[in-house]
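The following block contains the structure, expressed as C-alpha cells.
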Amino acid sequence: RPRVFSGIQPTSGSFQLGNYLGALRNWIALQDTHDAFYCVVDLHSITIPKEPEELRENTRNAAAQLLALGIDPERSTLFVQSHVPEHTRLSWVLECLTGYGEAARMTQFKDKAARQEDEHVSVGLFTYPALMAADILLYGTDLVPVGEDQRQHLELSRNLAQRFNSRFGRTFVVPEAHIPTDTARIFDLQDPTAKMSKSLPSGVVEFMDDPKRAAKKIRSAVTDNERDIRYDPENKPGVSNLLVIYSGMTGRSVSELEAAYEGSGYGDLKKDLGAVLSDFLTPFQSRVRQYLDDPAELDKVLRRGAERARAVAAETVRTAYDRVGFLPPV
Ligand code: ATP
Ligand code: MG
C-alpha cells in the first residue's frame, strides 16, 4: 500500500475548521487505501514561544481530537513528533542542503515573522520547512494530505529529496501533495481575505468551542451589503467562504446550495450553517472527552504509534547518515 504522512501542530487546545476541511478530512479518508502515519508535530509548535504546561495539554488534546475525528490507531500510526528523535536527526542534514535564500522565500515564514516581535522570530521558525521535509521523507511518503498553505513547503520537501538523491544516491521517495480542490483554503470569518488559523484568534471556528458559540461565530461572519447568495470569491469573499464551508460539511455542491438559497437572505444561510456545525461538534466533543478521560489508553496509543514510527524512521536515518558519510557508530 502506498504511504501517507501528515502532521498537525498542537498550537492551541483546539483544531479549527480549516484544518478539518483542508487536511484532516483527507487524513481520515486515506486510511482506507494507504498505510498512514499521522503526527502531532510538537517540535514545530515551539517555533513560536509556548508555555510548557499548555503545550503538554494541547498535545494530548490534539491526539484526542484526531482519534475523535476517526483516526483509527489499529490501521494508522498515530504518534507525537518529539517521541521519535529521528525527526531532528534528519532535519539537520536537510537544513545543510537548504539554501538560505531558498528558506527566506517561504511565505509562511514571512507572514508569521511579521506577526512576532523581532526578538521572538526564532531561527527555528526559519528552518521549520527543513524539519517538515524530514517528517515526510523519513517515512518513504508517497502522498501528503495538506491544505493549500502548505504547498510551498511541500515543494521544498520534494526539492530536498531530489537534491539529496542526486548528490548521495537514491534514498528518498519524492512525495506528492494531496490538496483538496474545493476546500483547500478556508478563510477567517472576520477577515475573509486571511487564512483561518489556530494562531489568529479572530474569526476562527474552533472545534472545541461550545457548539452554540460556534454557531454564533457563523452568524456574525463578515459578509457584504448585497443580499444575493452567490459564489464569487473576488467580490463576495465572505459569502463565498460560507458556501465553501457549508458544501464541505454537508457534501452538497456550491451550485446546489446557491439554488436552494435563491431568494433567501444571509441570515438564513448563516443560521442553517450554524446548525450544521453544531450538530457536527456536539458528538465530536463528547468523543474527545472520552479519550481525555482515559489518559492511560491515550498513552498506550501514542506509545505504540511511536514504536511503529521509530522502526521505520531509524532505518531511514541509518541509510541517510551512511550516504552522507558519517562514520557508523562504533
Ligand atoms: P498555525 O496557525 O499554528 O500554523 P494552523 O491552523 O495553520 O495553525 P497547522 O497545524 O499549521 O494549523 O496545519 C494543519 C493542517 O491544516 C495543514 O495541512 C494545513 O495546510 C491545514 N490548514 C490550516 N489552515 C487551513 C485553512 N485555513 N484552510 C485549509 N487548510 C488549512
Ligand atoms: Mg499553519
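Just so it is clear, none of the values below were taken in a lab; they were calculated from the coordinates. Please read these numbers as outputs of a predicted model, since none were measured by experiment. Using ideal geometry, Cβ is built from the backbone for each residue, glycine included, and neighbour counts are taken over all protein chains shown.
Remind me, relative contact order of the stretch 91-143 in percent, using alpha carbon pairs under 8 angstrom and six or more residues apart?
57
Please work out the FRET efficiency for the pair Arg115 and Val330, using the Cβ-Cβ distance as r and a Förster radius of 45 Å; give the result to the nearest 0.05.
0.45
I'd like the Karplus ³J(HN,Hα) series for the stretch 182-197: coefficients 6.51, -1.76, 1.60, θ = phi - 60°, whole numbers in Hz, and an x wherever there's a Gly or Pro.
With the stated coefficients, the stretch 182-197 comes to 9, 10, 6, 9, 9, 9, 4, 6, 8, 9, x, 9, 9, 5, 5, 8 Hz.
Once both labels are modelled 7 Å past Cα along the beta-carbon direction, what's the Cys96-Arg170 spacing in nm?
If labels sit at Cys96 and Arg170, their model points lie 2.5 nm apart.
Ok, one more. Could you rank the peptides 62-74, 288-300 by their average count of other C-beta atoms within 10 Å per residue, with the highest value first?
Packing proxy ranking, top to bottom: 62-74, 288-300.
Could you compute the net charge surrounding Gly7? Neighbours are other residues with a C-beta less than 15 Å from the C-beta of Gly7; K and R count +1, D and E count -1.
Once positives and negatives cancel, what remains is -2.
Additional query: Using only the alpha carbons of the stretch 139-198, what is the convex hull's orientation-averaged projected area in square nanometres?
Seen from a random direction, the Cα hull of the stretch 139-198 projects 5.0 nm² on average.
Here is a follow-up. For the chain, what is the calculated [θ] at 222 nm in deg cm²/dmol (nearest 500), taking -39500 (n - 2.57) for each run of four or more DSSP H residues and dividing by its residue count?
Dividing the helical sum by the residues of the chain leaves -16500 deg cm²/dmol.
When only Cα pairs under 8 Å and 6 or more residues apart are kept, what is the percent relative contact order across the chain?
Relative contact order, the chain: 23 percent.
Taking a quarter of the surface of the Cα convex hull of the stretch 1-87, what do you get in nm²?
For the stretch 1-87, averaging the hull's shadow over all directions gives 5.8 nm².
Which value, in Å³ per residue, describes the convex hull spanned by the Cα atoms of the chain?
So the per-residue Cα hull volume is 146 Å³.
Fewest first, what order do Phe79, Phe280 take by the number of other Cβ atoms within 10 Å?
Placing the least packed residue first, the sequence is Phe280, Phe79.
Would you list Glu315, Glu117, Glu95 from fewest to most Cβ contacts within 10 Å?
The order, fewest Cβ neighbours first, is Glu117, Glu315, Glu95.
A further question on this structure: Just the number, please: percent antiparallel of the DSSP beta bridges in the chain, rounded to the nearest 5.
10
Another one. Fewest to most neighbouring Cβ within 10 Å: what's the order for Tyr100, Tyr128?
By the 10 Å Cβ count, ascending: Tyr100, Tyr128.
Starting from the Cα of Leu200, step 7 Å along the direction of its Cβ; do the same at Asn159; then give the gap between the two resulting points in nm.
Label-label distance for Leu200 and Asn159, simple model: 2.4 nm.
Quote the relative contact order of the stretch 45-197 in percent (integer), defining contacts as alpha-carbon pairs under 8 Å separated by 6+ residues.
20
Assuming a strict under-22 Å limit between Cα atoms, what lysine pair count do you get for the stretch 217-322 once near-sequence pairs (fewer than 8 apart, same chain) are dropped?
The result is 5.
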